[in-house]
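A short write-up of the structure that comes next.
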Amino acid sequence: MDIIRGCIFFVLASSGFGVAAILSYLGYNGTIITFFGLIVESFSLILCYFLFRGYLKQKDDLETSKSSENAA
């Protein structure tokens, strides 16, 4: 599951570059490429933040339950 999450993070982090490359190939000018690349990248970074935050919560809950089992 961690490998799948890592792949999702990689795709989201590089999505702005992908959009910029596709728009450049289609012949759009630099202003449009930059604008859409930044919008896609900022949206994907927000998604990465929420995914990573959920991942850390899940890991923290697992560590808390393990420590409480060891204490008992």
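Computed over Cα pairs, the Kirkwood radius of the range 11-67 leads via Stokes-Einstein (1.567 mPa s, 4 °C) to a diffusion coefficient of 100 µm² per second. Computed 3J(HN,Hα) for the range 50-55, one whole-Hz value per residue from the Karplus formula 6.51 cos²θ - 1.76 cosθ + 1.60 where θ = phi - 60°, is 5, 5, 5, 5, x, 5, glycine and proline marked x.
Read-outs: derived from the displayed coordinates by stated rules, not from any lab. From a predicted model like this one, the values you see are computed outputs, not experimental measurements.
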